[in-house]
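Visitor: Quick one: this structure, given as structure tokens, is what I'll be asking you about.
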Amino acid sequence: MNFFQPTTWDEALQARAQTPGLLPIAGGTDLMVEFNFDHRRPAPLMDMTRLEDAGRWWREGERIRLGAAVPYTRVLSELGRDLPGLAIASRTVGSPQIRNRGTVGGNLGAASPAGDSAPTLIATRAEVEIRGVDGTRHVPVADFFTGVKRNCVASDELIVAIWVPTDTGPQQYSKIGTRNAMVISVASVALTLHPRAGRVGIGMGSVGPTPLQAVAAEEFLAGTLDEGGYWHSRAELPESLVAEFGRQVAGCTAPIDDVRSTAGYRRSAVGVMARRTLSWAWSEYRHGDRRPTGCRAGRDGEGMTTCE
């Protein structure tokens, strides 16, 4: 098996373009599982961790440029204030060992419908920076996925970084699984409130062939908050509004039955998580509660990630 360890992007892109089947690898937490279960045979691999800037992040204006090889642990320890939703989602990823190795860039590259980072990145309108031999392009995370475990990165391109808008309002993430730790999500919901823009962001995982954006539900909630003067008054939201929002989000899903859950359960769970994330986020907005590192991910009796 050939193994490449480039130190510059030019070297990496040259190897990518000239080596058929070359697989980029950062933490390897998804790829090694596929190798172990013989779902994929070892192919030429390329280590992304030695590339310039791949393991760094920095701020540019109102966005964070997150290198493709930055692990979840650093998102938690260094970016909880600026990217609270992504920090909450990162805390639910596997074990501490997995979080030390796994990266946001690798999670996007794997393109699993159950990926934990994608819903929050969709909700925050993040973009993926993709570089190829012909130049660089930016793709919204909502448009990045093309099918089950497929993305829009061409065979001569690489994920370089993720550009994530910094926090302008409360962000929440909820995930349900068969147990409390080290579990693939049965369904997940990320919600962001953008009071200055009067906008709402909603991303969902494990309820379609790709991570999804709940566009209709976003428009419904943003419009209702504006028409009712809630952005300005910060008044408590009526239960009827919260319930209708849950129904709207559930209606944006396209789940299937599989070994982990039924489609009906996933749809119902998404509705519940949508109501909860809205209640948590709105409570933060009403009371000006800006936690430095995001909410602590805990669990309630139904297995859902909660904020305590």
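The values are calculated or read from the model by the stated rules, or taken from the named source; none is laboratory data. In this text the structure is predicted, and so the values were computed from the model without any measurement. Cβ atoms come from the backbone with ideal geometry, glycine included; neighbour counts cover every protein chain shown.
Visitor: Being assigned to a loop (DSSP other than H, G, I, E, B) and surrounded by fewer than 24 Cβ atoms within 10 Å (Cβ to Cβ) is the filter here; which residues of region 71-92 pass it? Can you show your working first?
Guide: As a first pass, look at region 71-92 and keep what is assigned to a loop (DSSP other than H, G, I, E, B): 79-83, 92.
Answer for region 71-92, where residues must be assigned to a loop (DSSP other than H, G, I, E, B) and surrounded by fewer than 24 Cβ atoms within 10 Å (Cβ to Cβ): Leu79, Gly80, Arg81, Asp82, Thr92.
Visitor: Out of (1) assigned to a strand (DSSP E or B); (2) crowded, with 24+ Cβ neighbours inside 10 Å; (3) among the hydrophobic types (A, V, I, L, M, F, W, C), what's the single condition that is false for Val207?
Guide: Condition (1) is where Val207 drops out.
Visitor: Within region 121-128, identify whether any single residue is in a loop (DSSP other than H, G, I, E, B), touching a residue at least 24 places away in the same chain (Cβ under 8 Å) and hydroxyl-bearing (Ser, Thr, Tyr), and answer yes or no.
Guide: Step one: filter region 121-128 for residues in a loop (DSSP other than H, G, I, E, B), giving 124-126.
Add one more test, that the residue is touching a residue at least 24 places away in the same chain (Cβ under 8 Å), and what stays is 124-126.
This time we only want the ones that are hydroxyl-bearing (Ser, Thr, Tyr), so: 124.
Yes, some residue in region 121-128 is in a loop (DSSP other than H, G, I, E, B), touching a residue at least 24 places away in the same chain (Cβ under 8 Å) and hydroxyl-bearing (Ser, Thr, Tyr).
Visitor: Can you work out which of the residues in region 93-120 that are outside any helix (DSSP H, G or I) and hydroxyl-bearing (Ser, Thr, Tyr) is nearest to Ala190 (Cα to Cα)?
Guide: Top of the filtered list is Ser112.
Visitor: Continuing with this model, one more query. Modelled with pLDDT under 95 and under 30 Å from Ser112 (Cα atoms): is that true of Gly303 in this structure?
Guide: On the way: modelled with pLDDT under 95: yes; under 30 Å from Ser112 (Cα atoms): yes.
It is true that Gly303 is modelled with pLDDT under 95 and under 30 Å from Ser112 (Cα atoms).
Visitor: Additional query: Please find, within region 249-267, the residue that is nearest to Ile202 (Cα to Cα) out of those that are in a helix (DSSP H, G or I) and either within 21 Å of the chain's Cα centre (by Cα) or aliphatic (A, V, I, L, M) (or both). Step through it out loud before you land on a result.
Guide: Within region 249-267, the subset in a helix (DSSP H, G or I) is 249-250, 263-267.
Pick out the ones that are also either within 21 Å of the chain's Cα centre (by Cα) or aliphatic (A, V, I, L, M) (or both) and you get 249-250, 263, 266-267.
On the way: Val249: 8, Ala250: 11, Ala263: 20, Arg266: 16, Arg267: 15 Å.
Among residues in region 249-267 that are in a helix (DSSP H, G or I) and either within 21 Å of the chain's Cα centre (by Cα) or aliphatic (A, V, I, L, M) (or both), the one nearest to Ile202 (Cα to Cα) is Val249.
Visitor: Which condition number does Arg81 fail, the rest of (1) within 27 Å of Val148 (Cβ to Cβ); (2) in contact (Cβ under 8 Å) with a residue 60 or more places away in the chain being met?
Guide: Failed condition: (1).
Visitor: Which one of the conditions (1) farther than 16 Å from Arg65 by Cα; (2) out of contact with any Pro (no Cβ under 6 Å at 6 or more places or on another chain); (3) of a type outside the set (Phe, Trp, Tyr); (4) surrounded by fewer than 21 Cβ atoms within 10 Å (Cβ to Cβ) does Val153 fail to meet, given that it meets all the rest?
Guide: In the conditions (1) farther than 16 Å from Arg65 by Cα; (2) out of contact with any Pro (no Cβ under 6 Å at 6 or more places or on another chain); (3) of a type outside the set (Phe, Trp, Tyr); (4) surrounded by fewer than 21 Cβ atoms within 10 Å (Cβ to Cβ), Val153 misses (4) alone.
Visitor: Do you know which of the residues in region 125-148 that are among the β-branched types (Val, Ile, Thr) and crowded, with 24+ Cβ neighbours inside 10 Å is farthest from Ile162 (Cα to Cα)? Don't jump to the end; show me each part of the working.
Guide: At the first step, the residues of region 125-148 found to be among the β-branched types (Val, Ile, Thr) are 128, 130, 133, 136, 139, 141, 146, 148.
Add one more test, that the residue is crowded, with 24+ Cβ neighbours inside 10 Å, and what stays is 128, 141.
Details: Val128: 5, Val141: 9 Å.
Out of the qualifying residues, it is Val141.
Visitor: Please find, among Leu158, Leu121, the residue that is buried (at least 16 other Cβ atoms within 10 Å of the Cβ), modelled with pLDDT of 95 or more and within 12 Å of the chain's Cα centre (by Cα). It would help to see each step written out before you state the result.
Guide: Working: Leu158 fails: within 12 Å of the chain's Cα centre (by Cα).
Being buried (at least 16 other Cβ atoms within 10 Å of the Cβ), modelled with pLDDT of 95 or more and within 12 Å of the chain's Cα centre (by Cα) holds for just one of Leu158, Leu121, which is Leu121.
Visitor: Could I ask something else about it? Restricting attention to region 210-229, which residues are within 28 Å of Ser112 (Cβ to Cβ), surrounded by fewer than 21 Cβ atoms within 10 Å (Cβ to Cβ) and of a type in the set (Asp, Glu)?
Guide: Of everything in region 210-229, just one residue is within 28 Å of Ser112 (Cβ to Cβ), surrounded by fewer than 21 Cβ atoms within 10 Å (Cβ to Cβ) and of a type in the set (Asp, Glu), namely Glu219.
Visitor: For region 1-34, what are the residues that are of a type in the set (Val, Ile, Thr) and at pLDDT below 90?
Guide: Correct list: Ile25, Thr29, Val33.
Visitor: Within region 221-237, work out how many residues are farther than 15 Å from Ala197 by Cα, touching a helix residue (DSSP H, G or I) at 6+ places or on another chain (Cβ under 9 Å) and not charged (D, E, K, R).
Guide: 3
Visitor: Oh, and also: For the subset of region 150-180 comprising residues that are in contact with a Ser or Thr (Cβ under 7 Å, 6 or more places away or on another chain) and assigned to a loop (DSSP other than H, G, I, E, B), which member is nearest to Gly205 (Cα to Cα)?
Guide: That would be Gly177.
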